[in-house]
Amino acid sequence: MRHWHAVLIVFDWDGTICDSVLRIVLAMQAAARDCAVQPPSDAEVRHIIGLGLPQAMEVLFPVVPEKHLELAIAYSKHFSESQTLPEVALFAGMNDLLLSLKARGATLAVATGKSRRGLNRVLSELSMEGVFAHTRCADETRSKPHPMMLQELLEEAWMPADQAIMVGDSIYDVAMAEQAGLASVGVTYGVHTREQLLAYNPLTVVDSVLSLGHTLETWAVSRLP
């Protein structure tokens, strides 16, 4: 078995690794009600998943900028503390895929619109603290789709762009990769459609975790010397 020590695989979190989209939608709508603001539709919330929270508030609630901080605090509280919202869990097969990639020697990373506090909490809850060598959150750098998040991960991992790939379910993920000069793979089981993802020139778009695994293996082998 040839090891993949010379590749970096960067994953988005919500909608790519973690099946958390419905919880995000319901938490955002609950926050709007708490703040006496018209709740956004399911589709509107799904569309902003992947952005940093301040950027998401600007898109969802443009007419009440004075309430953005209040809304963000309310959303974070609902998402992290609500006992009535759907539980957050990994997509079926994702844990096995990550462990397999790690066992093959690939360096794994996360680039997420979550806050550092939010990512650390969910990694702890899922006992995944040791899976990813590098992580970058939206409150530490520029929000997607700006390429800075990926540029910082490449620098931290000492990895050239042509040895790295981004995996994500949103247009912000694949657009960020395109701007950073990275290959990308889109997944359709999250928030954006195949057609939306293809607009940003990913290597391919897949419909399942199983297909994602095959795609990453083919790509990683192609990067070996």
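The values are calculated or read from the model by the stated rules, or taken from the named source; none is laboratory data. Quantities reported herein were computed from a predicted structural model and do not represent experimental measurements. Don't worry about glycine lacking a Cβ; one is built from the backbone with ideal geometry, like all the others, and counts go over all protein chains shown.
Among the residues making up region 193-225, those that are more than 22 Å from Ser100 (Cα to Cα) and in contact (Cβ under 8 Å) with a residue 24 or more places away in the chain are Gln196, Leu197, Ala199, Tyr200, Asn201, Pro202. Taking the conditions (1) surrounded by fewer than 19 Cβ atoms within 10 Å (Cβ to Cβ); (2) closer than 30 Å to Ser184 by Cα in turn, Leu98 satisfies each one other than (1). State whether the residues of region 127-134 include one that is modelled with pLDDT under 95, at positive phi, among the small types (Gly, Ala, Ser) and surrounded by fewer than 19 Cβ atoms within 10 Å (Cβ to Cβ). Yes, region 127-134 has at least one match. Among the residues making up region 28-60, those that are farther than 16 Å from Ser143 by Cβ and surrounded by 22 or more Cβ atoms within 10 Å (Cβ to Cβ) are Met28, Ala31, Val45. Restricting attention to region 153-171 and to residues that are out of contact with any strand residue (DSSP E or B) (no Cβ under 6 Å at 6 or more places or on another chain) and acidic (Asp, Glu), the residue that is farthest from Val205 (Cα to Cα) turns out to be Glu155. Among the residues of region 135-164, the one identified as within 21 Å of Ile17 (Cβ to Cβ), touching a residue at least 60 places away in the same chain (Cβ under 8 Å) and acidic (Asp, Glu) is Asp139. Condition check for Arg121 on (1) at pLDDT 95 or above; (2) in contact with a helix residue (DSSP H, G or I) (Cβ under 9 Å, 6 or more places away or on another chain); (3) not aromatic (Phe, Trp, Tyr): one failure, at (1).
Once region 105-126 is narrowed to residues that are farther than 17 Å from Gly168 by Cα and of a type in the set (Lys, Arg), the residue that is surrounded by the fewest Cβ atoms within 10 Å (Cβ to Cβ) is Arg117.
Residues in region 28-57 that are farther than 16 Å from Thr193 by Cβ and of a type in the set (D, E, K, R): Arg33, Asp34.
Scanning region 146-165 for residues that are within 20 Å of Gly118 (Cβ to Cβ) and either touching a Leu at 6+ places or on another chain (Cβ under 7 Å) or crowded, with 21+ Cβ neighbours inside 10 Å (or both) returns Met149, Leu150, Leu153.
Residue pairs whose Cβ atoms lie under 7 Å apart, separated by 6 or more positions or on different chains, with the first residue in region 48-74 and over 15 Å from Ser115 (Cα atoms) and the second in a helix (DSSP H, G or I) and among the basic types (Lys, Arg), are Phe61/Lys67.
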